[in-house]
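Engineer: Dumping the structure here so I can ask a few things about it.
The values are calculated or read from the model by the stated rules, or taken from the named source; none is laboratory data. The structure displayed is predicted, hence computed values, not measured ones. Cβ coordinates were reconstructed from backbone atoms using ideal geometry, including for glycine residues, and neighbour counts include every protein chain displayed.
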């Protein structure tokens, strides 16, 4: 936009506005700069520049400008960039107003008629305003939406709903103000149903006094990394940072002030703190310039090319070191307010030479390098002979003992790199701002920008960086846009965490699952071809880079050779310089002696004349006077006699001086010759360097594109394998449940069979019993038969005996009767026998039948038992398979968990979205102070105090009131700072660490429980949360107050019930219980981490 | 023109180029943190194993620079020897200064290094290199032995801090010796009778209230953890339980609980109390204790000062070693007696000795060290090491090995692998069993 305006103005031939950067006070470089960059407006406000501006440079510049047909103005009254940033359009109007006055003043330029000029200016303004408004509206609209469109959505099917409103507000408040929202704010936010609610609340927090303190805190930690205040007062430092934040100083300006501020007086002592607290150690300073301003920690490339990062070369480190290698601590003196003499260390710069260095792996091969900022090209110092390297006049208000600054300041030359022209610089800041809001950088660690660790989303980083540059390095604009994006609001609320809670298995409805799968594989497929192509193009770029490097290195080598020649000649020159100095001193001495003698003679002669005159007036015989006249005369003659000798000595000294001067000049011109040679080599080196830098950046780009796509591919594969693992878990789970089913079935069948067998066994037992009864019966019948038979036998014998008896004894009558009886008995016995036989037969039949039944039953039992065995085996097998299936499921769940973890880890590394992170020590402290009302009480007290000192008028403007609120908040924060320091000492990673890593230790817990004032703060106050709970009769409302104030959410049903019970049972202990509840929420895990 | 000076002194230094190459081959593109992940896994396993072995370290820092000639390496009868004599010890053939009669009786437990050469005569830098095993540089900070011990050896379940510095009056604050290991492993400074800060519940809180508030805290955490649980929340919740355990065990820090006879045996002076405190802490399983005895910086009246100071030291230290040995603790405890440097063999005009780091002695004992051993030798006048020269790097490795820690391993910090001891140095294997 600015460039566009410049072009427009040039086209109209009205003015070519030049603003000169601090590094360019050296006149000949300035001219070359004008030639090169004249069309750019480089903002500056550097007293160093103003102090060092050589008057001849003004006219040179103007002449040069005229030669090119430009009207050059504005280099004395520079447009401060921060004004431009703050006033926006009005700054440009101001520019045009100036332009009119310029038009009148500059001679040699024909002004257009006034009316014409006015109209033209007006037209320009209208056109400009129109485009500017559109562009800025578009710019603002696009960054937030650009973020959303650029955040990759691999997880779309897994994304949960947005975070609940209260927790969102909590996050916003923590990010922008370092503390949690009050219950009042939360209620207001939740009641707010307007469509633009979010953007209004973002605005509201951005204009909160604590937003400024947040930025002060961030700048402090970013620049100084919690270093103690050894060289600069804390109060002074805070005043400086607060001014920076109040003035909305852009980040590039802050960086420039940090690096380019003056060191020789106390006016910019605070800005110097970056150097001073690093103990003026050039290596530490160079490392941290790389880390803080360019996002590159090149410490490991100090003694060799970086062992792990291909892109960090040793020569890069030394190129960066070159900016500060000639700076060191110098002790100076000054008088304090009481007039007492004080000593002070300053980080002063001296004239620099390119120091040689070597790799520890290739000892003996020396290198030298000019200055090179990361992402920039190499530049070389203008050559001056050793006696012409420093400013001749002391700097304004320079402290005693401070050396004069060198003519060419390397440190100031770094300032030019701290601007949009250096992409690495701009990317570093946009990445840091992203990390400030999101918890992690797109490039992470924040100080490891290199092609093998590319941004997880290069387009997003580009968009952010462009937006940062467009906004004029305005932190606030970029933070606001990030806060407005949907990505910020979705944040950590991804289902991935839900999955973690529920287990690691993705469980989607079938349709979604299929979509997700095909989406993943199509994405992967789409990447395959580009990946190959990128790999090969990275290879090609690497080869080109290697070629460029080798030719560049050969020119570097030439330069090193010329340098060593120059080194030698410089040594000789210094010798001659010493001699010339001595001769000069001798000459001055001789000159002084001569002039002393001459004036002595003159004075003596005059005196003798005066005495003669006195003699004429006085008594003639004044012997003493006569004597005096004689003495004076003789002295005058004596003096006169020495003069020729002295004259001769002077002549000798003059000759000697001139000879030495001549030889010095001869040496000087020799030096300049070599320097010219060096310059020729350097010009060639410039060309080679351009090629080298271009090839390098091509390779960097190609490599990082390749790595990005490769990472992306791996990422997708990881998600895929997570999905596959989830699927296999689920199919195994299915199998498992099938196995369980069949096992159950087997078990039932077995049970039935077993029952059946048992029944059969019972029957067999019955049958056996019946059979034995029948056998018994059979036996009895047989016995009976036997008895009957023997009876029959007896009867028959009796009958036969009777017959014989009858034959023998003729008394037949009774015998016959007896015989008849016996016969009857035989008959009946026979009958009985027959009956018994029949019965026996039937019993035998029965027995046979029974035996048969038994046999069949036994065989069936055997069968059944066999079946049972088989069934039992089957049941056992199926049970075994259930166990093994369960094991498989367990294993596959583990595999799945590992897959998920690797996705999770990669996601966390990628940092697209805010991740779960702990509060910083300052956030923790301020949040506790906020909740317990300690902060508000302090602010109120400070306001009252201010009001007492200087009452605000009733009709004072809103601005005045807000300024008063700012002031009161700041004073309150300063009063509470000891508490913040205690928290920092317990919860921070300590001095010099680049970020606060989370750790939990018992001494933190002991502090929260017993030490400090946390428990005491949470006691009942008139209007604090504890007091409100005690006063509140309704337990459910009290629970809601408690949770809203402390955790920015409503209690869950369980929690509500639980709190209700506790409070209703508390009785007269309610104040104590309420205090304990508040404390327990303050110390809960939920309070410790970001929502 | 001088060569640019290499002061980065980063932890990566000293590892060989081949190692660099191997590392870079093994997964540059994948990023350091994957390697870190594996490293931390293996490290975790090792650390667990160690913690179960229950090893400890105690360091006696003879502040100011103990004279080796009046203690471990006397040279009686030479022009540098001074007035003190040497006496035989419980190890035949080994003699030490007659200022240490009690310690001489414990010599069979000790392991004496007589060939130390650290080439650093500045107090601050000397202390730094002896406690970190590396030379100090502006651009990098290294953790002290105490922080490393706390990280590698301390069993957090005991509820006691792992890194304790005992001072005469008890500082109470936290030091900053842990560098990249993080403040968790920084020292807690303790006096004779005071427990660490904040271990006493304020009077305003009665027992009922104390129990209730922690109950509330647990309940709320329980609810939250079922919804969202991460390593962070787990660690945070756990730290409060650790704190409660520490409060329960705060008697550990009170030596008035030791018997009167023990208090007498150790001596009623500060150093005696500190030694007793050290014993008490070690017995309770604290992994690292440092005791400082001050001040040995005897530029004037070296001999008188040493007679006074070592008189105190000898009684308490000998009792300490004997107790450790009696109780079987010496097997599990490495004892180190070090200074920032030794003192000059030359006796100056004020009967003092100045700073001398070229040839001095360090005493070690316990752990896996050889007993009754003497390693290294200085020449007759004690001006140079003639055999078995060692430096701070080797000693640091040896301390770690003596408590069973593999000193060649690295710790993964923020995705970077940092060797716990200087990879350019190696342990003194000859004194390790």
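Engineer: How many residues are under 14 Å from residue B:60 (Cα atoms) and either crowded, with 24+ Cβ neighbours inside 10 Å or at pLDDT 90 or above (or both) when one looks only at the stretch B:293-314?
Structural biologist: 7
Engineer: Identify all residues within the stretch A:987-1007 that are facing chain B (nearest Cβ under 8 Å), within 22 Å of residue B:200 (Cα to Cα) and in contact (Cβ under 8 Å) with a residue 40 or more places away in the chain; write none if there are none.
Structural biologist: A:1005
Engineer: So residue A:264 clears everything in (1) more than 14 Å from every other protein chain (Cβ to nearest Cβ); (2) surrounded by 22 or more Cβ atoms within 10 Å (Cβ to Cβ); (3) assigned to a helix (DSSP H, G or I) except one condition, right? Which one?
Structural biologist: Answer for residue A:264: the failing condition is (3).
Engineer: Please go through the stretch B:109-145 and pick out each residue that is in contact with a helix residue (DSSP H, G or I) (Cβ under 6 Å, 6 or more places away or on another chain) and not in a loop (DSSP other than H, G, I, E, B).
Structural biologist: B:109, B:111, B:129, B:130, B:131, B:145
Engineer: Checking residue A:820 against (1) under 30 Å from residue A:802 (Cβ atoms); (2) surrounded by 17 or more Cβ atoms within 10 Å (Cβ to Cβ): exactly one of these is not met. Which one?
Structural biologist: Answer for residue A:820: the failing condition is (2).
Engineer: So, one more: I'm trying to understand the selection: among the residues of the stretch B:132-147, which are out of contact with any strand residue (DSSP E or B) (no Cβ under 7 Å at 6 or more places or on another chain) and either free of Cβ contacts under 8 Å to residues at least 60 places away in the same chain or within 13 Å of chain A (Cβ to nearest Cβ) (or both)?
Structural biologist: Residues satisfying the conditions are B:136, B:137, B:138, B:139, B:140, B:141, B:142, B:143, B:144.
Engineer: Hey, another quick one. Out of curiosity, is residue B:61 touching a helix residue (DSSP H, G or I) at 6+ places or on another chain (Cβ under 8 Å), in a helix (DSSP H, G or I), touching a residue at least 40 places away in the same chain (Cβ under 8 Å) and assigned by TED's automatic domain parsing to the domain that holds residue B:353?
Structural biologist: no
Engineer: Return the residues of the stretch A:340-364 that are assigned to a strand (DSSP E or B) and more than 12 Å from chain B (Cβ to nearest Cβ); say none if nothing qualifies.
Structural biologist: The answer is A:341, A:342, A:343, A:344, A:345, A:346, A:347, A:348, A:349.
Engineer: Return only the number of the condition from (1) touching a strand residue (DSSP E or B) at 6+ places or on another chain (Cβ under 7 Å); (2) within 23 Å of residue A:278 (Cβ to Cβ); (3) more than 10 Å from chain B (Cβ to nearest Cβ) that residue A:370 does not satisfy.
Structural biologist: (2)
Engineer: Looking at the stretch B:245-261, which of the residues that are at the interface with another protein chain (Cβ under 9 Å from one of its Cβ atoms) and buried (at least 19 other Cβ atoms within 10 Å of the Cβ) is farthest from residue B:159 (Cα to Cα)?
Structural biologist: B:247
Let's see how each residue does on (1) free of Cβ contacts under 8 Å to residues at least 40 places away in the same chain; (2) more than 9 Å from chain B (Cβ to nearest Cβ); (3) under 14 Å from residue A:931 (Cβ atoms):
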{"position": "A:1009", "(1), (2), (3)": "no, no, no"}
{"position": "A:1021", "(1), (2), (3)": "no, yes, yes"}
{"position": "A:1024", "(1), (2), (3)": "no, yes, yes"}
{"position": "A:1039", "(1), (2), (3)": "yes, yes, no"}
{"position": "A:1043", "(1), (2), (3)": "yes, yes, yes"}
{"position": "A:1055", "(1), (2), (3)": "yes, no, no"}
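Here's the yes/no breakdown for (1) at pLDDT 85 or above; (2) more than 14 Å from chain B (Cβ to nearest Cβ); (3) in a loop (DSSP other than H, G, I, E, B):
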site: A:269; (1), (2), (3): yes, yes, yes
site: A:289; (1), (2), (3): yes, no, no
site: A:310; (1), (2), (3): no, no, yes
site: A:320; (1), (2), (3): yes, no, no
site: A:333; (1), (2), (3): yes, yes, no
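Engineer: Any chance you could count how many residues in the stretch A:327-349 are surrounded by 14 or more Cβ atoms within 10 Å (Cβ to Cβ) and out of contact with any strand residue (DSSP E or B) (no Cβ under 6 Å at 6 or more places or on another chain)?
Structural biologist: Here the count works out to 1.
Engineer: I would also like to ask the following. Could you check how many residues of the stretch A:291-308 are touching a residue at least 12 places away in the same chain (Cβ under 8 Å) and within 14 Å of another protein chain (Cβ to nearest Cβ)?
Structural biologist: 10
Engineer: Exactly one condition in (1) modelled with pLDDT of 85 or more; (2) within 26 Å of residue A:376 (Cβ to Cβ) is false for residue A:359; which is it?
Structural biologist: (1)
Engineer: Could you tell me whether the stretch B:267-284 includes any residue that is assigned to a loop (DSSP other than H, G, I, E, B) and in contact with a strand residue (DSSP E or B) (Cβ under 7 Å, 6 or more places away or on another chain)?
Structural biologist: Checking the stretch B:267-284: not a single residue is assigned to a loop (DSSP other than H, G, I, E, B) and in contact with a strand residue (DSSP E or B) (Cβ under 7 Å, 6 or more places away or on another chain).
Engineer: Let me ask something else. With the requirement that a residue be at the interface with another protein chain (Cβ under 8 Å from one of its Cβ atoms) and not in a helix (DSSP H, G or I), what does the stretch B:193-235 give you?
Structural biologist: Of everything in the stretch B:193-235, those that are at the interface with another protein chain (Cβ under 8 Å from one of its Cβ atoms) and not in a helix (DSSP H, G or I) turn out to be B:196, B:197, B:198, B:199, B:200, B:201, B:202, B:204, B:205, B:228, B:229, B:230.
Engineer: Looking at (1) under 24 Å from the mean Cα position of the chain (by Cα); (2) buried (at least 19 other Cβ atoms within 10 Å of the Cβ); (3) more than 12 Å from chain B (Cβ to nearest Cβ), can you tell me which one residue A:1017 breaks?
Structural biologist: Going through (1) under 24 Å from the mean Cα position of the chain (by Cα); (2) buried (at least 19 other Cβ atoms within 10 Å of the Cβ); (3) more than 12 Å from chain B (Cβ to nearest Cβ) one by one, residue A:1017 breaks only (1).
Engineer: Evaluate the stretch A:389-405: report whether one residue or more is assigned to a loop (DSSP other than H, G, I, E, B), more than 36 Å from the chain's Cα centre (by Cα) and either on the phi > 0 side of the Ramachandran plot or within 14 Å of chain B (Cβ to nearest Cβ) (or both).
Structural biologist: yes
Rundown of residues vs (1) surrounded by fewer than 18 Cβ atoms within 10 Å (Cβ to Cβ); (2) modelled with pLDDT under 90; (3) under 30 Å from residue A:566 (Cβ atoms), yes/no style:
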| site | (1), (2), (3) |
| --- | --- |
| A:692 | no, no, yes |
| A:695 | no, no, yes |
| A:715 | no, yes, no |
| A:728 | no, yes, no |
| A:770 | yes, yes, no |
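Engineer: Just give me the residues in the stretch A:421-445 being in contact with a helix residue (DSSP H, G or I) (Cβ under 6 Å, 6 or more places away or on another chain) and assigned to a loop (DSSP other than H, G, I, E, B), in sequence order.
Structural biologist: Correct list: A:441, A:442, A:443.
Engineer: Another one. Within the stretch A:917-931, identify whether any single residue is buried (at least 20 other Cβ atoms within 10 Å of the Cβ), modelled with pLDDT of 95 or more, part of a helix (DSSP H, G or I) and touching a strand residue (DSSP E or B) at 6+ places or on another chain (Cβ under 9 Å), and answer yes or no.
Structural biologist: yes
Engineer: Also: Between a first residue in the stretch B:301-313 that is under 18 Å from residue B:104 (Cβ atoms) and a second residue that is part of a helix (DSSP H, G or I), which pairs have beta carbons less than 7 Å apart while being 6 or more apart in sequence or on different chains?
Structural biologist: Cβ pairs passing all conditions: B:312/B:271; B:313/B:271.
Engineer: Another question, if that's okay. Tell me whether the stretch A:225-237 contains one or more residues that are within 26 Å of residue A:989 (Cα to Cα), crowded, with 23+ Cβ neighbours inside 10 Å and either in contact with a helix residue (DSSP H, G or I) (Cβ under 8 Å, 6 or more places away or on another chain) or at pLDDT below 95 (or both).
Structural biologist: The answer is no, given that none of the residues of the stretch A:225-237 is within 26 Å of residue A:989 (Cα to Cα), crowded, with 23+ Cβ neighbours inside 10 Å and either in contact with a helix residue (DSSP H, G or I) (Cβ under 8 Å, 6 or more places away or on another chain) or at pLDDT below 95 (or both).
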